[in-house]
1. Which residue, B:Ile251, B:Leu148, B:Ile231, has the largest displacement toward the positive end of the dipole of chain B when charges sit on each Cβ (Lys, Arg +1; Asp, Glu -1)?
2. How about the range B:260-295: which trypsin sites (Lys or Arg not before Pro) there lie in a loop by DSSP and see at most 14 other Cβ atoms within 10 Å?
3. Under DSSP H, which helices of chain A have Cα atoms covering 30 Å or more of the helix axis and a Kyte-Doolittle average no less than 0.5?
4. Which one of B:Phe98, B:Phe31, B:Phe60 has the biggest mean-square fluctuation once chain B is modelled by GNM with Cα springs under 10 Å?
5. Of B:Leu179, B:Asn22, B:Tyr79, which is farthest towards the positive pole of the range B:3-216's charge dipole, taken about the Cα centre with +1 and -1 on the beta-carbons of Lys, Arg and Asp, Glu respectively?
6. Hydropathy at least 0.0 by Kyte-Doolittle, axial extent at least 30 angstrom from the Cα trace: which helices of chain B, defined as entire DSSP H runs, fit?
7. Might you report the magnitude of the Cβ-based charge dipole of the protein assembly as shown about its Cα centre, with Lys and Arg at +1 and Asp and Glu at -1, to the nearest 20 debye?
8. Can you pull the mean other chain C-beta count within 10 Å for peptide B:95-103?
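Read the figures in this text as sums done on the coordinates, not as results from a lab. Please read all numbers here as calculations on a predicted model, not as lab measurements. Here the Cβ positions follow ideal geometry from the backbone for every residue, glycine too, while neighbour counts run over all protein chains shown.
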Amino acid sequence: MMERFSNPVLLKELKLRFRAFKSFSGLMFYLAVLCIFVAGFLLIYTQFSGTSFFRPNDSFTMFAVLSVLQMGLVMFMTPGLTAGAISTEREKQTLNILLTTTQSSTQIIIGKLLSSVAFLILMLVAGLPLYSLVFLFGGVSPSQFITIFLLYLVTLVAIGSIGIMFSTITKKTIVSMIATYGAMIFLGGITAFFFFIGVSMEQMSMGMSTATPFSPITYFWASINPGALMVTILYPEMANSLESVVGISLPIWVVYLIFYILLTAFCLFVAIRKLRANMKTNR
Amino acid sequence: MMVDIKGLTKKYGSFVALNNLNLTLDEGVVFGFVGANGAGKSTTFSILATLLSPTSGDAFINGKSVVREPKEVRKLIGYMPDFFGVYDQLKADEYLDFYGASYGLSADERKVLIPQLLELVNLTHKRYEYVDLLSRGMKQRLCLARSLIHDPKVLILDEPASGLDPRARIEMRDILKHLKSMGKTILISSHILPELAEMCDEIGVIDNGKLIAHGNVAAIQEQLQGDKRVIVKVMDQLEKARAFFEEDPYISSIEVADGKKEISFNYRGKTEDQVNLLRKALLADIPIYTLTEEEKDLEDVFMAITKGADEA
């Protein structure tokens, strides 16, 4: 029964990944960054307050900054882990042999994606002890914590899928890497820029009329920006402010979820279609 | 028939890599594919291995279409490309285990098969070594074992002996002979032509994407070498012999080597004509003591064919 659901590529990738020194060094680097940040944060806050204690408000601030930092690390590392998934096999001349096996294209692509996602989840889980420090001091609800982790998961699967897609359709890893980081910068930075432009234009037009604002495009840019969603999760009052600017009450996480699920599905579909030569029936 | 290629054509823009290739091979045949670099051998093999789609035409492996049923074809073929890499962090048995799982073999089946395959390719002693640490010849043999893991009916081996030292080549040849005795249909391309001639039942010669000859080794040599070069040695009367041969309509390009008392000429007649020629010469009292044909091996044939391509 287990054999039916096993994915040889996934098992092989996990074996190779955890045998490679760079995986351990990557994990170590990640935890070192988090450790330095948490230790520095605690030190600075206790020094500034002069009382050597940590208030729940400070704890929440640490949680918020830690969440943003971790999101940044996830967004930075995911392209590095996925953008070479197929192109590296092509460059190492192992892909042709893999493609002549009876594994389906779907199995190969999903195996590649899941192995990268598994490693990223391991990183997030490895950081949990540091993260859980915030619970010692209070100020953060478990539901907020879980929501943030779900946000990480959706985002890293989507960026991972983009990486796998570019890795499949481009011949060289470097090109795939640049394209994936470009897509990540668009989703994380350019959308924020477009959002602020939209808000500025909305405010300018609001100054001249008394009509209720309605700006679906500005709302859309905010909805697909991971940073914007994180801010509305951490500070729910920001969701109200956004609603007052764009005039749409639908929570942005709904659009975010739909958009990133569709993006993931599209990227995986393209990768699966393009992996093998386009025979008449290739699935 | 096990392999049936029908009108296979592959174009890259205006460049025609394969031009209406037709070929049929019966089960158990070892077929050698000969041609210069870029002649279309690897393209043909890539299409048969379902890695490349043809522009037109189709190929069938045991009746399964490469174009319409690639997944079924993959079950029937074992493919070894001319250049391949390995997963350097895997050990030899793990390498085979991964590909066994990739062909849907159960863990129990793999446990039985892997030691057998390693023994077949003389790598039992390297079972727990990292693949990256193996020599080139060992990697080639491991890759061959990999291509056999699902017991395919057809083996497609693109230059399996390339880059190997003589000892490794002989080891590879012995393994291929063993596979031939197991009844596998083998398609093999190689530049080590004498070895190919020795082990192949049939040879196909491809040039500029066209199959220009196909048959057994002797037939191919006869088909491609054109006029035979015949060498006649006489005791004496060299001039009389020369005058006699000059009258024969099938003879051209006569050369006389006085010192050796030897006459050589191109002969385009059939074997029966050659018997008649010899009979007539003896009746005409020409003291012939040997008549031999200059032999061309597969390498000469290959050189003759590819000369045109290189010059172009």
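1. Among B:Ile251, B:Leu148, B:Ile231, the one farthest towards the positive end of the dipole of chain B is B:Leu148.
2. Hits after loop and neighbour filter: B:Lys260, B:Arg268, B:Lys270.
3. Passing helices, by number: A:21-49, A:56-82, A:105-126, A:142-169, A:252-275.
4. The residue with the greatest mean-square fluctuation here is B:Phe98.
5. About the Cα centre, the residue reaching furthest to the positive side is B:Asn22.
6. Values: long enough: none.
The answer is none, since no helix passes both cut-offs.
7. Around 1720 debye, computed over the protein assembly as shown.
8. Shielding by partners across B:95-103 averages 5.
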